[in-house]
1. Which one of these does residue A:141 not meet: (1) modelled with pLDDT under 95; (2) more than 10 Å from chain B (Cβ to nearest Cβ)?
2. Could you pull out the residue among B:106, B:60, B:95, B:100 that is away from DNA strand C (no atom under 16 Å from the Cβ) and farther than 30 Å from residue B:183 by Cα?
3. For the range A:135-188, name all the residues that are in a loop (DSSP other than H, G, I, E, B) and either over 19 Å from the mean Cα position of the chain (by Cα) or buried (at least 21 other Cβ atoms within 10 Å of the Cβ) (or both).
4. Mind listing whichever residues of the range A:41-59 are within 14 Å of DNA strand D (Cβ to nearest atom) and assigned to a helix (DSSP H, G or I)?
5. Considering every residue within the range A:10-26, establish whether at least one is more than 16 Å from DNA strand D (Cβ to nearest atom) and free of Cβ contacts under 8 Å to residues at least 24 places away in the same chain.
6. Name the single residue that is modelled with the lowest pLDDT among those in the range B:2-21 being touching a helix residue (DSSP H, G or I) at 6+ places or on another chain (Cβ under 8 Å) and in a loop (DSSP other than H, G, I, E, B).
7. Looking only at the range B:24-38, which residues are assigned to a helix (DSSP H, G or I) and either over 11 Å from residue A:31 (Cβ atoms) or more than 9 Å from every other protein chain (Cβ to nearest Cβ) (or both)?
8. Determine whether the range B:74-82 contains at least one residue that is more than 16 Å from DNA strand D (Cβ to nearest atom), closer than 30 Å to residue B:184 by Cα and either touching a residue at least 60 places away in the same chain (Cβ under 8 Å) or within 14 Å of chain A (Cβ to nearest Cβ) (or both).
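The values are calculated or read from the model by the stated rules, or taken from the named source; none is laboratory data. From a predicted model like this one, the values you see are computed outputs, not experimental measurements. Positions of Cβ are backbone-derived with ideal geometry, glycine not excepted, and every protein chain shown enters the neighbour counts.
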DNA sequence: GTCTATAGAATGATAGAC
DNA sequence: GTCTATCATTCTATAGAC
């Protein structure tokens, strides 16, 4: 089942929980966020949250699925268009757009140790990630390309940095597109 | 008191605790790391850890002080040399070097919500950060420069990314120096 | 500096009523 | 779908002996 399909199966109440959980994860880290905190933020009891998700891990996984789903859409369009430079640029734009629109959360999704572990252990997200970077940077990467890939990934994650907190969305997107395009198209 | 001086006041036992704590923070996040875990990793009891630091917050602060101290050294040399391009390049090199040598921990130090909060609330680290980026990127930054600063910071933080886990230290340093110099010297 | 022992609160998770 | 009540476990932190 695709990430899009998995993400589409959550109820309204579950989606509210997922959204709330992500905000708390961003503020306190996954490990620093308790089910009590999530329940309080939702205005319900812990038991109500356990009715939606049978464990904290399930919430963490759901958060990942919901926020990776839009990337899957963008990726499939790019793959369908072939590996053309135009398709790559369009994919990069959409990834940046998605990141900027969820600024506070991106750094958490990319860096929180718990989410990183789940992201690495969970097959659908593994595949998404390798397909994404295959389109953006090519299939088999040498050391030089790997560093570029890591920097590219981190550059996108910089949308949540304090330095750009006051930069408006459009400016941030434009500047980031510029910088990251240079990273991708940089001559060997 | 400078960060260097503060960091220099910790005992051997405290430094062992700080080192161990940082490793656990990197694996589980600050919020996901208990004093019990730290004590177990050190092979002592919780009470022994509390003898060294009266609270978990004190350990977090100590971790920051110890790992920012080398940056303070590098920064002061660069400031003494004036804002010459040569001094900037040398500073950037030392920052990258320090980051590569502590790969697993850098992402935690830069991204963990608890550490980010402490880093923002703690005056000595605030000053260090603004001085550092003043030397690297100039004093008053417009939006464009702010995005570059955030990307530069994130690029340095990418040393811990899974993509470069197998890249050896020297290659990583060289490639990162290349990419980040382009970021700094990029024409407006 | 390290230990045992403990206090008191918070944790993840479950059972059963409405 | 939400509640109250509860479980065993773990948490931060402290007191006092060696």
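1. The number of the failed condition is (2).
2. Among B:106, B:60, B:95, B:100, only B:60 is away from DNA strand C (no atom under 16 Å from the Cβ) and farther than 30 Å from residue B:183 by Cα.
3. At the first step, the residues of the range A:135-188 found to be in a loop (DSSP other than H, G, I, E, B) are A:138-142, A:161, A:165-168, A:186-188.
Matches in the range A:135-188: A:138, A:139, A:140, A:141, A:142, A:161, A:166, A:167, A:168, A:186, A:187, A:188.
4. Answer for the range A:41-59, where residues must be within 14 Å of DNA strand D (Cβ to nearest atom) and assigned to a helix (DSSP H, G or I): A:41, A:42, A:46, A:47, A:48, A:49, A:50, A:51, A:52, A:56, A:59.
5. Taking the range A:10-26 and keeping what is more than 16 Å from DNA strand D (Cβ to nearest atom), we get A:22-26.
Subsequent filtering for residues that are free of Cβ contacts under 8 Å to residues at least 24 places away in the same chain retains A:24.
Yes, there is a match, as at least one residue in the range A:10-26 is more than 16 Å from DNA strand D (Cβ to nearest atom) and free of Cβ contacts under 8 Å to residues at least 24 places away in the same chain.
6. The residue in question is B:2.
7. Initial filter on the range B:24-38 (assigned to a helix (DSSP H, G or I)): B:24-28, B:35-38.
B:24, B:26, B:35, B:36, B:37, B:38 - these are the residues of the range B:24-38 that are assigned to a helix (DSSP H, G or I) and either over 11 Å from residue A:31 (Cβ atoms) or more than 9 Å from every other protein chain (Cβ to nearest Cβ) (or both).
8. Filtering the range B:74-82 for residues more than 16 Å from DNA strand D (Cβ to nearest atom) gives B:74-82.
Now restrict to residues that are closer than 30 Å to residue B:184 by Cα: B:74-82.
Still in the running and either touching a residue at least 60 places away in the same chain (Cβ under 8 Å) or within 14 Å of chain A (Cβ to nearest Cβ) (or both): B:75.
The answer is yes; a qualifying residue exists.
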